[in-house]
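Peer 1: Dropping a structure here in structure tokens format, bear with me for questions.
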There are 2 protein chains.
Amino acid sequence: MTDFTRTRALFDLPENILYLDGNSLGPLPRAVRARVADEITHQWGGKLIRAWNESGWMELPGKVGDRIGRLIGAPKGSVVAGDSTSINVHKALTAALSLTERKIILSDSGNFPTDLYIAQGLAAALDRGHELKIVAPEEVAAAIDGDVAVLMLTEVDYRTGRLHDMAALTARAHAAGALTLWDLAHSAGALPVDLTGAKADFAVGCGYKYLNGGPGAPAFLYVRPDLQERIAPALSGWLGHAQPFAFDTAYRPAAGIERMRVGTPPILSLAALDAALSAFDGIDMADIRARSIELSELFIAEIERRCPDLELASPRDPARRGSQVSFRFAHGYAAMQAAIAAGVIGDFRAPDIMRFGFTPLYLSPDDVREAASRIETMMTGRHWQRPEFQIRARVT
Amino acid sequence: MTDFTRTRALFDLPENILYLDGNSLGPLPRAVRARVADEITHQWGGKLIRAWNESGWMELPGKVGDRIGRLIGAPKGSVVAGDSTSINVHKALTAALSLTERKIILSDSGNFPTDLYIAQGLAAALDRGHELKIVAPEEVAAAIDGDVAVLMLTEVDYRTGRLHDMAALTARAHAAGALTLWDLAHSAGALPVDLTGAKADFAVGCGYKYLNGGPGAPAFLYVRPDLQERIAPALSGWLGHAQPFAFDTAYRPAAGIERMRVGTPPILSLAALDAALSAFDGIDMADIRARSIELSELFIAEIERRCPDLELASPRDPARRGSQVSFRFAHGYAAMQAAIAAGVIGDFRAPDIMRFGFTPLYLSPDDVREAASRIETMMTGRHWQRPEFQIRARVT
């Protein structure tokens, strides 16, 4: 069983803050500071260009990919870290569409908008009849038919936390002759994921949420091993070439997942993610899931008891939720600002969602009770009516 | 006149190393360490998610873009930092091709391979007859005809240092009805660039060479102001949306250059680049150019006098060179390893190019003379014949 007191000590958290927003930006793992300082001073500063050979920089995207792979049921050599989630969606979608003559990209209205935008931009650029079809989350299964090229879903809804059944939907897609692209932005590091068991074709995800890699940390991309040699990357950059340092004028893809690399990776940000992932060393994701459910169930019970104005927006059944809990409240934006002022950091998602993330590595049941207590004080005191909380900031 | 003793003190360079490879990876600017430590500890660690609003992270791609813009003759609001050079080539090329019915992408064999690879991957993905045509550098002007959609060139040849005439070739392309995409990887921070004066349409470049932003630092993208509203990004990510935090399901491009943003930027790497760029504050690129020519002319004279086996591979006329000098030598790989062992760091480019970069911000005439002296000792002693220098490393 994971010792969550030990893992809590791996993070630097500000005094008197209850951080329920690790699903948006994970907090600072203590290991990051020394690692990045070493990369700057001793590797970059001391070794200069030689660090590409001597400091493991060239292999870092694959090494970090394998560390993430362990958390999402992906074998070694099937995940590579780099670029942003959006760009990895583009890579995966272009690859998937190259494997089929079908034209429909099926997604749902609970997908994070950037995935939908990338599909729209790609369809417009390809200009040969591809179409993004968006249905309600509960209508996805019924919408999978013989016209669907790719089923593109985010496993955990960024607003409500609703959890799709990856294995069942992937099986249904495959039965209909469709490929699948799963966005694990709110899954990786949050709950057990079994890409291999689900036979998922492609997956992408985010390095800066539950993986705690820092602001804008590189994202990741998974390609099912037997598909890797069948896809020719559209973003065919030199570090995905079979021999980057031969400087040929013709592109030849590298073997396996390496072909999905593009340009030179941002080493400082990638090293921060690598260091952050050490918090997961030896951790069983089943322990994380059990504790996450314990925390989120406790939070729902406490909030519903203390704050009757907040309406649960997440599935009540924890088996159908990711690692977040959302409540609807008409004055949600102002209320979240008031909660933050009281030291409870969650976030707001339009139009009326107050969102709270539960991250066992650094949150305890006592934290959850204290957060609920402060939210109660805020709600019963109607602090959200104060003028300073009415102003709408751009990022929340 | 720039005080190059002052600028030298802005960099941390290892003792007894003569670093002539700033054209591959710029050395560590002293300002980077404190800046990145502050971003980690006080912004990320201390403010957590609030740093996106309070620490300028959301605006950083445009701020860094404008800092670079000053060095390349681009007005405010026309350059954005982010992603890799390869991905920015894809963005620019997709945008350019959307503005024309023509199918030919004209480039030269001196272009860096990743630019060619990206064009090949894009043409294959679009699958409607686009073709990459590669000619010799000296044949580019004559190859610009009424079939060319985009003239895509790197201004300074990564191997020889040969400098294209951006203004003349752009004018010729425009007269033929073609657009231009300039890769400034070996230009930005190395010599004066006037994108506005040359009427260039698109430009990309690298943050980790002459701009000293650190390993894999974010790249940049320029779009001529009057074209910005005419292009719909194919990599249409949420941070290029008009209202990212409205979370609409339909993509609408942001105004101006902001639409060329894609996903969440890697803040630690981007902050390092921002800090590195402070070394250029108040610097006139004409001063850099004059000093760069002084250094490279001195190096050519010293090497030709001391090392007759090395054959100049760069143009002899400094007006036709970038800020590097290359020599051909049949045993160039081993000789470069021997030079590095003697504390003179340049790099090797297949098949036989020994490449040396001259970077006035931190290199002096005395450094150049000392480097030439050590290379002479290495060459006359035939140190490159030693067995330890025969092994071919992957990155050089």
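Every read-out reported here was derived from the displayed coordinates using simple, explicitly stated rules and does not represent laboratory data. Worth saying up front: this structure is predicted, and the values here are computed from it rather than measured. All Cβ positions, even for glycine, are placed from backbone atoms using ideal geometry, and neighbour counts span all protein chains on display.
Peer 1: For B:THR196, what charge total do you get from the other residues with a beta carbon under 13 Å from its beta carbon, if Lys and Arg give +1 and Asp and Glu give -1?
Peer 2: On the way: positive: B:ARG70, B:LYS76, B:LYS199, B:ARG224; negative: B:ASP194, B:ASP201, B:ASP226.
Taking every other residue near B:THR196 into account, the sum is +1.
Peer 1: I've got another one for you. Net charge near A:GLY69, counting Lys/Arg +1 and Asp/Glu -1 over other residues with Cβ under 11 Å of its Cβ?
Peer 2: On the way: positive: A:LYS63, A:ARG67, A:ARG70, A:LYS76; negative: A:ASP66.
Net of charged neighbours comes to +3.
Peer 1: If all Cα-Cα distances of the protein assembly as shown are sorted into 10 Å bins from 0 onward, what percent lands in each bin, rounded to whole numbers?
Peer 2: Cα pair-distance distribution for the protein assembly as shown, in percent: 3, 14, 24, 25, 18, 10, 4, 1, 0.
Peer 1: Still on this structure, I have one more. Considering only A:ARG386, A:ARG355, A:ARG159, give the residue with the highest GNM mean-square fluctuation for chain A, with springs between Cα atoms whenever their separation is below 10 Å.
Peer 2: Its mean-square fluctuation being the largest, the pick is A:ARG386.
Peer 1: Going by the alpha-carbon gyration tensor, a ≥ b ≥ c the square roots of its eigenvalues, is chain B rounded (a/c under 1.5) or, if a/c is not under 1.5, prolate (a/b greater than b/c) versus oblate? Before the final figure, lay out each step's value.
Peer 2: On the way: a/c = 1.94, a/b = 1.30, b/c = 1.50.
Oblate, since a/c reaches 1.5 and b/c is not below a/b.
Peer 1: Could I ask something else about it? So for each of A:164-177, B:304-317, B:287-300, A:270-283 I average, over its residues, the number of other beta carbons within 10 Å; can you give me the resulting order with the highest mean first? Intermediate values should be presented prior to the final figure.
Peer 2: On the way: A:164-177: 17.0, B:304-317: 14.9, B:287-300: 19.6, A:270-283: 22.4.
The packing order, highest mean first, is A:270-283, B:287-300, A:164-177, B:304-317.
Peer 1: Considering only the label points, 7 Å along Cα→Cβ from Cα, what distances in nm to one decimal separate A:ASP287 from the same position in each other copy, shortest first?
Peer 2: 5.8
Peer 1: Taking every residue in A:25-31, how many Cβ atoms of other protein chains lie within 10 Å of its Cβ, on average? Present the calculation step by step, with values, prior to reporting the outcome.
Peer 2: Details: counts 10, 3, 4, 7, 1, 1, 0.
Partner-chain Cβ atoms within 10 Å, mean over residues of A:25-31: 4.
Peer 1: Ranked highest first by average number of other Cβ atoms within 10 Å, how do A:223-233, A:45-55 line up?
Peer 2: Values: A:223-233: 16.7, A:45-55: 19.3.
Sorting A:223-233, A:45-55 by mean packing, highest first, produces A:45-55, A:223-233.
Peer 1: What net charge is computed for the residues neighbouring A:GLY346, neighbours being all others with C-beta under 9 Å from the C-beta of A:GLY346, Lys and Arg scored +1, Asp and Glu -1?
Peer 2: Working: positive: A:ARG355; negative: A:ASP21, A:ASP347.
Local charge sum for A:GLY346: -1.
Peer 1: Only helical DSSP H runs with n ≥ 4 go in: add -39500 (n - 2.57) per run for chain A, normalise by residue count and round the 222 nm mean residue ellipticity to 500 deg cm²/dmol.
Peer 2: On the way: 14 runs with 138 residues, N = 396.
Calculated at 222 nm, the ellipticity per residue is -10000 deg cm²/dmol.
Peer 1: Rounded to whole Hz and in sequence order, give me ³J(HN,Hα) for region B:343-348 from the Karplus expression 6.51 cos²θ - 1.76 cosθ + 1.60, θ = phi - 60°, writing x for Gly and Pro.
Peer 2: x, 10, 9, x, 8, 10
Peer 1: While we're here: Assume the label is 7 Å from Cα along Cα to beta carbon: what separations in nm does A:ASP317 have to the matching positions in the other copies?
Peer 2: 7.7
Peer 1: By its C-alpha gyration tensor, with a ≥ b ≥ c as the square roots of the eigenvalues, how is region A:54-159 shaped: rounded for a/c under 1.5, else prolate for a/b larger than b/c, else oblate?
Peer 2: Numbers: a/c = 2.19, a/b = 1.71, b/c = 1.28.
Prolate shape, in that a/c is at least 1.5 and a/b is the bigger ratio.
Peer 1: Hey, another quick one. Can you give the three extents of the C-alpha atoms in region B:209-332 along their principal axes, from longest to shortest, in whole Å?
Peer 2: 67, 31, 30
Peer 1: Hey, could you pull the Cα Rg and Dmax for region B:1-87, both in Å?
Peer 2: 16.3, 44
Peer 1: What's the FRET efficiency of A:GLU54 with A:ARG305 using the Cβ-Cβ distance as r and R₀ = 56 Å, to the nearest 0.05? Could you put the intermediate results ahead of the total?
Peer 2: Details: r = 58 Å, r/R0 = 1.04.
Computed FRET efficiency for A:GLU54 and A:ARG305 comes out at 0.45.
Peer 1: Let me know the mean shielding of A:242-249 by other chains, meaning the per-residue number of their Cβ atoms within 10 Å of its Cβ.
Peer 2: Working: counts 0, 2, 5, 9, 3, 9, 4, 10.
The per-residue average across the peptide is 5.
Peer 1: Note the angle between two axes, namely the Cα long axis of helix A:60-71 and the longest principal axis of the Cα atoms of chain A, as a number of degrees from 0 to 90, rounded to the nearest 10.
Peer 2: Roughly 50 degrees between the two axes.
Peer 1: Can you pull the mean other chain C-beta count within 10 Å for peptide A:79-89?
Peer 2: On the way: counts 0, 0, 0, 3, 7, 13, 5, 11, 8, 1, 4.
Taking the mean over all residues of the peptide, I get 5.
Peer 1: Related question: With the calculation restricted to Cα positions, what are the radius of gyration and Dmax of region B:205-249 in angstrom?
Peer 2: 14.4, 40
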